[in-house]
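Trainee: My structure is below; once you've seen it, I'll send some questions.
The values are calculated or read from the model by the stated rules, or taken from the named source; none is laboratory data. Not measured: the values here are computed from a predicted model. Note that each Cβ is placed from the backbone with ideal geometry, even for glycine, and that neighbours are counted across all protein chains shown.
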Amino acid sequence: MTLFDNGWTEDQAKGLIDSLKLTGGVPDWKPDTIQRLHDGARPKKRTPKPEGQLEFVAYELCNTHEAIGTALKQAKTVEEAKKAVEPYVRALQNEPEWFRALKSHLGEKGNPFR
């Protein structure tokens, strides 16, 4: 299954992929989300590669977080797609809300944590 199998356009898929920031290793997601990812993985003991991680995200956006998946399908540009999936990506992240707010406030150039 690819992102295009779900009816998403290239811009919608790019916005989703850009927002997820997958690196090929274990994603920096909440432990319960990582567990769900592993539960659906084959073979069971390895973290799925980015393609498998994208399949997991696509499944979630089509079944568990349908409203966000629908908003993604309505996006016309990469930026609209990023905005549509922002709540989902924020829910996946394994960092406190206050830390995300601080990073957002400081921006990448002023981020003292880099």
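Trainee: Just name the residue that is modelled with the lowest pLDDT out of those in the range 1-58 that are over 14 Å from residue 85 (Cα atoms), within 14 Å of the chain's Cα centre (by Cα) and among the polar types (S, T, N, Q).
Mentor: 23
Trainee: Here's something else I'd like to know. Name every residue in the range 1-37 that is under 19 Å from residue 65 (Cα atoms), among the polar types (S, T, N, Q) and not in a helix (DSSP H, G or I), in order of residue number.
Mentor: 2, 9
Trainee: How many residues are touching a helix residue (DSSP H, G or I) at 6+ places or on another chain (Cβ under 9 Å), of a type outside the set (A, V, I, L, M) and over 15 Å from residue 72 (Cβ atoms) when one looks only at the range 13-41?
Mentor: Within the range 13-41, residues that are touching a helix residue (DSSP H, G or I) at 6+ places or on another chain (Cβ under 9 Å), of a type outside the set (A, V, I, L, M) and over 15 Å from residue 72 (Cβ atoms) number 10.
Trainee: Another one. Of the residues 10, 86, which is surrounded by fewer than 16 Cβ atoms within 10 Å (Cβ to Cβ), touching a residue at least 60 places away in the same chain (Cβ under 8 Å) and in contact with a helix residue (DSSP H, G or I) (Cβ under 9 Å, 6 or more places away or on another chain)?
Mentor: After ruling out the rest, the residue left standing is 86.
Trainee: Another one. Every residue in the range 14-28 that is free of Cβ contacts under 8 Å to residues at least 40 places away in the same chain and within 13 Å of residue 51 (Cβ to Cβ), please.
Mentor: Residues satisfying the conditions are 17, 22, 24.
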